[in-house]
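This report concerns only the one structure given below.
The values are calculated or read from the model by the stated rules, or taken from the named source; none is laboratory data. Every value quoted in this text rests on a predicted model; they were computed, and no experiment measured them. Neighbour counts are summed over all protein chains in view; Cβ atoms, including those assigned to glycine, are modelled from backbone coordinates with ideal geometry.
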Amino acid sequence: MSEKSIWKPFWSFHIQSTERWIEEMAKKGYTLSRFQPKLSRFTFTEEASSHETFAISFDRSRQHPLPKALEADGWEVVNKQGKWAIYGNGKQKEEVKTSIVRDNLESRNSRIAILWWIYFLYIIFSISLQVTLLLPLYLHMDPDTVTRVESPMWIFTYIMFIVQIVVTLIGIYSLIALKKESRRLSEERNQSQTLFHSEEKPIVLLGKRRKKLKLGWNYSPDKFEKWLEEQERSGWHLTQVKKGGVLFQFQKSDTKLYSYCILFEGRADSNAHSFHSEAGWERVYVSGASWQQWSIWRQAYSEGAEKPKINDDPETKRKAAMRVTKIHTLMFAPIILIFGFNFFSFMLPDALEQGYFSLSGIERFNTTVYPLVMFIFFTNILRAWAYYFRVRTQ
């Protein structure tokens, strides 16, 4: 029997098309015999396949359990390597009644997207810093004083520049592919229930109303939940959250008891949202980002009744708080380090030596703005960690 090995880069960003490709290979008389996900290599043996339909799953636990319902429907593991597994079914796709769960796959794609966004944030801030630091020098420097020294080490500079361009292009492609893949996987779930979006369907206001601007509530969601509940007890009912999630609109009403819950999901999860809605929770806001999604939920309850909670498991709440803390730390800490290096190495010494008002306009602007930005980002990191430790000690 002959073998055919095929290299298929970025296959994991196109799961459904990869599955169809394996099915087409099976129809041509090739059976998948070896699967190397890290090398993006698929090896086929020229023999009739016993499967008509294929599905690919991702499981961080590497266990790849197969529920009895799926076994009864004809699914079985064809090949598995590490966190990846390929399942096969002997029936035609139209005859298959069950499907492989994709939740872990969507979580994995979401984490990859986050890493790429962090990379692009580094690139943007790096370029911005170089422009703000070097542009004043070029504007005030005599061109004749700039000389280029030939050195064999320049080759490494050129190589690193080319590598950075290639990595950036791969990152752009990955983000576009992951966004499309997220849409395809979302459509695959065939969501049966359309959730209510209060930010898109504002309530008609008849009485007295007011608006509150709340910035950075996602760094201390537990405190913000209590603040929203206090507004309800004070007779101010939340009616709308403007797009962006920072402007909250309230209407004067009778005093009510509401339990508010703020969830950070890391990625959009319509199945979880459907579950919460069926449990009696009303979603009043959901952020637009699919890779870092926040949602605000509430449920009314009567005096003397137990306050409802979406999640009362301490370990789950602790892990969710740690995710919030890690993401904001990874986002802001590198920016603080870059800004701090430039400020304390260049800007502050010049300001102390020449005097603040002796600096040029752009130099005074940078000397003022840099510590302010560092203070804001550092404060946000501290607020996120304080939130984690509050949840941990509950």
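Can you name the residue in the range 209-221 that is in contact with a strand residue (DSSP E or B) (Cβ under 8 Å, 6 or more places away or on another chain) and surrounded by fewer than 18 Cβ atoms within 10 Å (Cβ to Cβ) and, of all such residues, is nearest to LYS326 (Cα to Cα)? Step by step, filter the range 209-221, then rank; the result is LYS214.
For the range 149-174, residues that are at pLDDT 85 or above and either of a type in the set (Ser, Thr, Tyr) or touching a helix residue (DSSP H, G or I) at 6+ places or on another chain (Cβ under 7 Å) (or both) total 4. A single entry from ILE296, ILE336 fulfils the requirement of being in contact (Cβ under 8 Å) with a residue 12 or more places away in the chain, assigned to a strand (DSSP E or B) and among the β-branched types (Val, Ile, Thr): ILE296.
Per-residue answers, yes or no, for (1) on the phi < 0 side of the Ramachandran plot; (2) at pLDDT 95 or above; (3) out of contact with any Phe, Trp or Tyr (no Cβ under 8 Å at 6 or more places or on another chain):
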position	(1), (2), (3)
PHE346	yes, no, yes
PRO349	yes, no, yes
LEU359	yes, no, yes
THR367	yes, no, no
PRO371	yes, no, no
MET374	yes, no, no
PHE389	yes, yes, yes
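Test GLY235 against the stated conditions and say whether it is more than 30 Å from LEU382 (Cβ to Cβ) and in the same structural domain as ALA300 (by TED's automatic domain parsing). Yes, satisfied. Whenever a residue of the range 35-49 is assigned by TED's automatic domain parsing to the domain that holds PRO9 and touching a residue at least 12 places away in the same chain (Cβ under 8 Å), its partners that are polar (S, T, N, Q) and not in a strand (DSSP E or B), lying with C-beta atoms within less than 9 angstrom and at least six residues away or across chains, give the pairs PRO37/SER12; SER40/SER12; PHE42/THR18; THR45/SER2; GLU46/SER2. Just one of the listed residues (TYR387, TYR370) is in the same structural domain as HIS328 (by TED's automatic domain parsing), part of a helix (DSSP H, G or I) and under 30 Å from THR316 (Cβ atoms), namely TYR387. Looking across the range 222-248, the residues that are crowded, with 18+ Cβ neighbours inside 10 Å and in a strand (DSSP E or B) come down to TRP236, HIS237, LEU238, GLN240, VAL241, PHE248.
The criterion of at least 2 residues that are surrounded by fewer than 20 Cβ atoms within 10 Å (Cβ to Cβ) and modelled with pLDDT of 90 or more is met, among strands (runs of 3 or more DSSP E) falling completely within the range 20-96, by 30-36, 41-46, 75-81.
In this structure, is SER287 assigned by TED's automatic domain parsing to the domain that holds SER259, closer than 28 Å to LYS180 by Cα, under 14 Å from the mean Cα position of the chain (by Cα) and in contact (Cβ under 8 Å) with a residue 40 or more places away in the chain? In short, yes.
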